[in-house]
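Data block below; observations after.
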Amino acid sequence: MSDGPNSLGEYLRARRALVTPEQAGIPQLGTRRVPGLRREEVAMLAGISADYYLRLEQGRDRGPSTQVLESLARVLRLDAAGLDYLLGLAQGQSRRPRRRERRREVVPENILALLDTITFPGFVESRYFDILAANPLAAILSPRFVVGRNRVRDFFLEPAEQDFYSDWENSARGIIAGFRTSVGSDLDDPRFVEIVGELSLASDLFRTLWARQDVVRRGGTTMTVHHPEAGALTLYREKLPIPGTAGQVLALWHAPAASPAAEKLALLASYALSVRDPASDPDSEPAQAAPIRRTADSGRPDA
C-alpha cells in the first residue's frame, strides 16, 4: 500500500456507505453485513474490475483516469460539487508532498475599503473559515463575527450558535460540507488538521457529520437567524470569492429592499455608526469604539 494519507479511498468508502441498494437498482437478497453498497457492486456498476476498485479504496492505485472517476461519481450519486471534490482528491494524491511554509493571511486593500462602505454585515473569511476582517455591523449581527474567530469551531462549541440559527442542524451539515469543499485536497494542512482534530474530540455531531464526507459549493443562500434585540431576520447570505487570494471569500448578509429584515438591519446599522462615531450624539458617553474594519495578523499557516 502506498505511503501517505489515503483521502481518495476514505471518500469512496464513506460515499458508498450512503448509497442504498435500492437507489442503485440492486435487488435485496438476504442480510447485508455492510451499510450501503459493497465494493464489488460499485465496481460492477462503474464498469471496472473489483480488484481495481479495491486498489483505489486501499490507496494502492493513485492515478485513476477522469473517465473512471466520473463513472464512480455516477454510481455514488455525487452531484457536481461531489465530482469536483473527487477529481481534486485524485489530483492531490498524485502530486508529490510539498513543504509547507507559514505565511500571513493578507486581505486585499480594495476589499477592506469595500467593508468600510457597505451598510450591512460583512466579513472576510479564509479557506479555513477564520475571520480575517469584519465591519462593525457584522459584530452587531453576531458577536462571533469578529476577527480571530473560527466559524466552524464556534458553530459546534459555542452554545449561542444554536439560538442564532433557526435551523441549526441543517446549517451544521452545510457548514461542514462547505468547510470540506473549501479546503479541498489539502487534508494534511496544519490549520485544517488542528480544527478537525479539536472538533472531532469535542463534538459528537461533528464526528458524525464529518464522516459522511459531504461537500457543497460555497455560494449564496437564504437564512433565518435570531438577533437578541431585532428578533428573527431572514437574510440573503452571499459568499464571493476574492481573486488573488488563497481561498478567501467575502461574506455578506443583506435583505430585500423594504422588507422587515431590511428595516431591522438599517436600525442595527444606525447603532453601529453611533458606536463608531459617538460625537454624532452629544448625549452619549465616551465610546470604546472599534474601527470600521479589523484585520487579522495571526500568522496562521496558509496552503
Every residue from the stretch 125-160 that is of a type in the set (A, V, I, L, M) and part of a helix (DSSP H, G or I): L137, A138, A139, I140, L141, V152, L157, A160
In the stretch 29-74, residue farthest from R212 (Cα to Cα) [restricted to those that are hydrophobic (A, V, I, L, M, F, W, C) and touching a residue at least 40 places away in the same chain (Cβ under 8 Å)]: L56
Every pair of residues 6+ apart whose Cβ atoms lie under 9 Å, when the first sits in the stretch 152-166 and is in the same structural domain as T181 (by TED's automatic domain parsing) while the second is of a type in the set (F, W, Y) and surrounded by fewer than 18 Cβ atoms within 10 Å (Cβ to Cβ): F155/W168; E161/W168; Q162/W168
Test: residue in the stretch 166-180 that is touching a strand residue (DSSP E or B) at 6+ places or on another chain (Cβ under 6 Å) and surrounded by fewer than 16 Cβ atoms within 10 Å (Cβ to Cβ): yes
Count - residues of the stretch 197-244 that are among the small types (G, A, S), under 18 Å from the mean Cα position of the chain (by Cα) and either closer than 30 Å to G36 by Cβ or in a strand (DSSP E or B) (or both): 5
Given (1) at pLDDT 95 or above; (2) under 15 Å from the mean Cα position of the chain (by Cα); (3) in a helix (DSSP H, G or I); (4) not charged (D, E, K, R), index of the condition I175 fails: (1)
Of the criteria (1) more than 30 Å from L265 (Cβ to Cβ); (2) in contact (Cβ under 8 Å) with a residue 40 or more places away in the chain, which one D204 fails: (2)
Flag if D204 is at negative phi and at pLDDT below 90: no
Residues (surrounded by 12 or more Cβ atoms within 10 Å (Cβ to Cβ) and either of a type in the set (V, I, T) or assigned to a loop (DSSP other than H, G, I, E, B) (or both)) located in the stretch 245-264: T245, A246, G247, Q248, V249, A255, P256, S259
Cβ-Cβ under 8 Å pairs, at least 6 apart or on other chains, the stretch 1-22 side over 17 Å from G184 (Cβ atoms) and assigned by TED's automatic domain parsing to the domain that holds A50, far side modelled with pLDDT under 90 and polar (S, T, N, Q): P21/Q28; E22/Q28
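Condition first: assigned to a helix (DSSP H, G or I) and surrounded by fewer than 17 Cβ atoms within 10 Å (Cβ to Cβ). Now tell me which residues in the stretch 74-86 satisfy that.
Applying the first criterion (assigned to a helix (DSSP H, G or I)) to the stretch 74-86 yields 74-75, 80-86.
Of everything in the stretch 74-86, those that are assigned to a helix (DSSP H, G or I) and surrounded by fewer than 17 Cβ atoms within 10 Å (Cβ to Cβ) turn out to be R74, A80, D84.
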Selection within the stretch 218-238 - closer than 30 Å to G9 by Cα and surrounded by 15 or more Cβ atoms within 10 Å (Cβ to Cβ): R218
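The values are calculated or read from the model by the stated rules, or taken from the named source; none is laboratory data. From a predicted model like this one, the values you see are computed outputs, not experimental measurements. Reconstructed Cβ throughout: ideal geometry from the backbone, glycine too, with neighbour counts over all protein chains shown.
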